[in-house]
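Report on the structure given below.
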Amino acid sequence: RDIARTVLKSPGALVSKRVRNSVKEPFLDKINDGGLPMLNDLLLRFGAPGIEFVLEICADRSRHPVIFHCTAGKDRTGMITAIISSLCGVPDEEIVQDYMLSANVYAEMNDHKAMVGALSQRNLNPKTFLGAPPQVMRDTLEAIREEYGSVEDYMTWIGFGPEKQEKLKRALTED
């Protein structure tokens with residue numbers, strides 16, 4: 001522990017921290033400017049292994065009933081719910097309406113101030129990232145189709161191919 005304390009207090013560590021912060025700021029500015037659509041794009045790209053994992057669990061009837069969630073159920077959970085809903089034939093506008101319900105959750109959450117504080121500490125704009133505007137989900141579904149061809153093609157891209165998609169549909173839509 002003494003060695004770690006010494007290293008952390010060394011001038012190199014301080015410079016390194018300053019450098020890290022100066023490099024991080026432009027990225028945070030870009031993310032703030034991109035808002036929720038950019039966050040959703042990042043989730044789809046870099047969260048693909050986690051999304052595929054959740055889809056695998058949902059497709060396995062032996063694991064039902066199943067629940068998946070995150071801190072507030074809007075970003076990661078909302079994205080996975082939209083993907084599953086679209087696969088099962090739910091119209092986009094119903095997916096959008098469901099996503100919008102997430103905005104109501106924040107008004108009732110006891111730790112709303114804590115979430116605002118956590119975002120602010122990371123230099124992210126709480127007004128941008130705590131909402132669930134309908135256009136964000138519309139744009140996200142459209143972006144999936146533009147980038148991958150379809151929701152099903154996105155699922156295949158992450159390793160959840162047609163056979164698994166059929167298994168998931170059957171698990172969620174048949175008795």
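We did not get these values from a lab; they are worked out from the coordinates using the rules stated. All figures in this text were calculated on a predicted structure; none of them were measured in a lab. Please note: Cβ atoms are built from the backbone with ideal geometry, for glycine as well, and neighbour counts cover all protein chains shown.
Between residue 166 and residue 29, the FRET efficiency estimated from the beta carbon spacing at R0 = 41 angstrom works out to 0.40.
In order along region 164-175, the Karplus-derived 3J(HN,Hα) couplings, from 6.51 cos²θ - 1.76 cosθ + 1.60 at θ = phi - 60°, round to 5, 4, 4, 4, 5, 4, 4, 5, 9, 10, 10, 6 Hz, and Gly and Pro are given as x.
Neighbours of residue 133 by Cβ distance under 12 Å: Lys/Arg scored +1, Asp/Glu scored -1, total +2.
Going 7 Å from the Cα of residue 66 in the Cα-to-Cβ direction, what parts of region 160-174 have a backbone nitrogen less than 14 Å from that spot? The answer is 160-161, 164-174, whose backbone nitrogens lie closer than 14 Å to the label point.
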